[in-house]
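Accompanying notes for the structure given below.
The values are calculated or read from the model by the stated rules, or taken from the named source; none is laboratory data. Since this is a predicted model, take the numbers as computed values, not measurements. Cβ coordinates were reconstructed from backbone atoms using ideal geometry, including for glycine residues, and neighbour counts include every protein chain displayed.
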Amino acid sequence: MAPRLLIVEDDFTLSEVWRTVFSARGWEVSVASSVAEGLARLDPAPDYLILDLQLPDGAGEAVLRRVRDSGLKTRVAVTTGSDDASRLAALEPEALFRKPVDVVDVWRLGSLSEAG
């Protein structure tokens, strides 16, 4: 069964890069551009989530909080331009990508998940 990835990102170009990279690897990819859309797409729970922290309708932390509070097994990678170390540490994501995101890092994330 193909891994399911939810991308919650309001930057269309970046979400399209991720969609293209992971779809080419055979992943089932869903894209949301807001907190509300991201929350709505957590059922069924994706295997992986790439989450922007600054979205047009609020903070991406709301999506991460729902994942954690619901006990979902979803692995979360956060993308951010923030350099607030305490904020980022409190989120405890499995991966962190600083914006601007290097596509090579995204490709490597896909390779690591296939290996494990």
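Scanning segment 44-103 for residues that are among the polar types (S, T, N, Q) and either touching a Pro at 6+ places or on another chain (Cβ under 7 Å) or touching a residue at least 12 places away in the same chain (Cβ under 8 Å) (or both) returns Q54, S70, T74, T79, T80, S82. Each residue in segment 1-38 was checked for being in a helix (DSSP H, G or I) and either of a type in the set (K, R) or without any contact (Cβ under 8 Å) to a residue 40 or more places away in the chain (or both), and 12 pass. Only one of the numbered conditions (1) surrounded by 19 or more Cβ atoms within 10 Å (Cβ to Cβ); (2) among the aliphatic types (A, V, I, L, M); (3) part of a strand (DSSP E or B); (4) modelled with pLDDT of 95 or more is not met by V67, and that is (3). Do you know which residues across segment 1-34 are within 12 Å of the chain's Cα centre (by Cα), more than 15 Å from T74 (Cβ to Cβ) and among the β-branched types (V, I, T)? V31 - this is the single residue of segment 1-34 that is within 12 Å of the chain's Cα centre (by Cα), more than 15 Å from T74 (Cβ to Cβ) and among the β-branched types (V, I, T). For segment 95-116, a residue qualifies if it is more than 11 Å from I50 (Cβ to Cβ), at pLDDT 70 or above and assigned to a loop (DSSP other than H, G, I, E, B), and the qualifying residues are K99, P100, D102.
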